[in-house]
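Comments concern the structure below.
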Amino acid sequence: MDSRELLIKSALGGETPRPPIWLMRQAGRYMAEYRNLRKSNSFMELCHKSELAAEITLQPIRAFNMDGAILFCDILVTAEALGADVEIVEKQGPVIANPIDKEGDLHSMPPTEEAVGSLGYVAKTIGMIRNELGQKKALLGFAGAPFTVASYMIEGGSSKMVPQTFKMINESPELFAGLMSRLTDLTIKYVEMQREAGVDAVQIFESWASLLPEEMYLKHVFPHLKRLVESLHHPEKPLILFALATNSLWQHLGQLPAQVLSIDSSHSLGNFRKLYPEKALQGNLDSRWLLGSRANLLTEVDRILAEMSDRKGYIFNLGHGITPKTPVDNVKALCDHILGQ
Ligand code: CP3
């Protein structure tokens with residue numbers, strides 16, 4: 001079974017000779033090849049220039065031979081397509097110079113068709129990656145979930161408390177709902193475009209699900225995520241839902257028709273297997289193991305493999321992304337260990 005078959009089959013809950021592996025943020029600052037290209041380009045330029053984005057996507061595959069390549073891009077390109085002025089600032093992260101705070105901001109957004117059209121460079125990148133990658137490796141696309149992207153558009157950048165978003169939900173609920181609808185419409189079309197361009201599976205990132213009280217999330221956010229996941233459900237093209245969420249919120253997220261749940265390191269995979277027997281699971285090695293000794297890293301990997309040893313519906317990954325100080329030798333050791341199972 002080649003890497004592509006392994007990954008798609010596992011994502012659809014099938015039995016495989018070993019778990020497939022890919023790593024969130026597998027392309028990025030921990031690799032010298034990436035830092036080199038980054039010296040002469042802003043992060044958003046790297047996303048926009050298809051030749052460079054395709055090259056960066058392939059760097060970790062050449063170095064570590066993962067089963068899947070994930071498109072190099074960012075979740076904030078959907079915000080950008082709706083008119084957000086996005087920049088990734090060193091040591092600060094994303095900054096959006098024109099945050100949303102009034103109805104007029106919604107009216108000045110381009111219509112969905114035009115916004116998807118402006119993301120055509122991503123389809124071009126996907127075509128270039130597939131040409132280089134061949135047919136035997138899986139290619140993963142992705143998009144931010146509407147709320148995670150909306151929080152950046154409202155706050156103007158990263159925020160641990162999302163105070164403006166909280167305020168908008170409570171004081172201007174129609175404005176918030178309008179923004180969420182626009183993002184949901186665009187994200188559906190954007191993922192369809194990625195599938196047409198050749199991705200095998202798509203991961204939806206709901207990284208900031210836990211920043212709202214659960215009742216507020218369920219009332220104002222969940223219906224939009226539900227519409228997104230239901231619209232994108234496809235029996236042969238798996239959807240992976242990644243969220244940083246509590247057990248209690250997962251009880252709702254886990255009901256959505258995504259075939260795979262991607263679990264962060266605070267949860268027990270074994271427990272999730274019992275709770276969601278009909279889902280495939282992805283995760284959840286704590287990325288901090290990659291910063292320590294090789295022996296400890298592989299002991300922890302073996303513990304996870306033993307927990308998921310029935311080899312059905314399991315994709316090896318981290319609980320969240322690789323961090324910039326990760327030694328490449330440890331990434332190599334991890335991948336070799338899984339590929340050799
Ligand atoms: O996984 C991959 O290798 C694919 C590429 C990818 C990136 N960002 C590249 C990136 C993916 C899938 C993302 C998703 C993303 N982006 C998320 C969801 C996942 C998560 O981490 O929870 C979020 C919230 C963002 C928004 C974003 N973009 C942040 C918070 C940052 C700053 C992070 C940092 O470490 O500085 C970015 C920039 C970014 N996206 C970088 C990379 C490689 C670093 C940019 C640089 O070179 O300076």
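The values are calculated or read from the model by the stated rules, or taken from the named source; none is laboratory data. None of the values given here were measured: they were computed from a predicted structure. FYI the Cβ positions are ideal-geometry reconstructions off the backbone, even for glycines, and counts take in every protein chain you see. Each accessible area value is taken on the protein alone, full model and side chains, heavy atoms only, with ligands, DNA and RNA left out. Shrake-Rupley method; radii C 1.70, N 1.55, O 1.52, S 1.80 Å.
How high is the relative contact order of the stretch 257-317? Use alpha-carbon pairs under 8 Å, at least six apart in sequence, and give a whole percent.
Working: 64 pairs, mean separation 23.0, N = 61.
That works out to 38 percent.
Label points 7 Å out from Cα along the Cβ direction at Asp286 and Glu174: separation in nm?
About 4.8 nm separates the two model spin labels.
What percent does the relative contact order of the chain come to when contacts are Cα pairs within less than 8 Å and at least six residues apart?
Dividing the mean separation by the residue count of the chain yields 24 percent.
Have a look at Gln164, Pro235, Phe222 and report the one farthest towards the positive end of the charge dipole of the stretch 133-283, computed about the Cα centre with Cβ charges (Lys/Arg +1, Asp/Glu -1).
Pro235
Taking the Cα centre of the stretch 3-339 as origin, work out the dipole magnitude from +1 charges on Lys and Arg Cβ and -1 charges on Asp and Glu Cβ, in debye rounded to 20.
In total the dipole reaches around 1000 debye.
In whole percent, and with a 1.4 Å probe on the protein chains, what portion of the accessible area of the chain is carbon and sulfur?
Ligands and nucleic acids excluded, carbon and sulfur give 52 percent.
Kindly report the accessible area of the stretch 3-339 per residue (heavy atoms of protein chains, probe 1.4 Å, no ligands, DNA or RNA), in Å².
Counting only protein heavy atoms, the per-residue value for the stretch 3-339 is 41 Å².
Calculate, in nm to one decimal, what Asn271 and Glu15 gain on full extension: separation in residues at 0.36 nm each, minus their alpha carbon distance.
Fully extending the segment from Asn271 to Glu15 adds 90.2 nm.
Tally the DSSP beta bridges in the stretch 3-339 and give the antiparallel ones as a percent, rounded to 5.
Taking every DSSP beta bridge within the stretch 3-339, about 20 percent pair in antiparallel fashion.
Can you pull the one-decimal nm distance between simple spin-label points at Ser248 and Asn41, each 7 Å off the Cα toward Cβ?
Each label point lies 7 Å from its Cα, and together they span 4.5 nm.
Cα centroids of the stretch 288-341 and the stretch 69-143: how far apart, whole angstrom?
That distance is 29 Å.
Taking every pair of alpha-carbon atoms in the stretch 3-339, give the share separated by more than 36 Å as a whole percent.
That fraction is 14 percent.
Please give the FRET efficiency for Ala295 paired with Glu196, using the beta carbon to beta carbon distance and R0 = 41 Å, rounded to the nearest 0.05. Mind dumping the intermediate values first?
Values: r = 45 Å, r/R0 = 1.11.
The calculated FRET efficiency here is 0.35.
Mind checking the dipole of the stretch 1-67: about its Cα centre, +1 per Lys or Arg Cβ, -1 per Asp or Glu Cβ, Debye to the nearest 20?
Working: 10 positive and 8 negative charges, 67 e Å.
For this selection, approximately 320 debye.
GluC sites (Glu not before Pro), restricted to the stretch 256-323: which are DSSP loop and have at most 16 other Cβ atoms within 10 Å? List each step's numbers first, then the result.
Working: sites: Glu278, Glu300, Glu307; in loops: Glu278.
Filter output for the stretch 256-323: Glu278.
Give the accessible area for Val328 in Å² (nearest 10); use a 1.4 Å probe, count only protein heavy atoms, and leave out ligands, DNA and RNA.
Ignoring ligands and nucleic acids, Val328 comes out at about 60 Å².
Once you have the Cα-Cα distance between Ala32 and Ser210, take 0.36 nm times their residue separation minus that, and quote the gain in nm to one decimal.
60.7 nm
Please compute the modelled spin-label separation between Arg303 and Glu113, points set 7 Å along Cα→Cβ, answer in nm with one decimal.
The answer from the label model is 5.5 nm.
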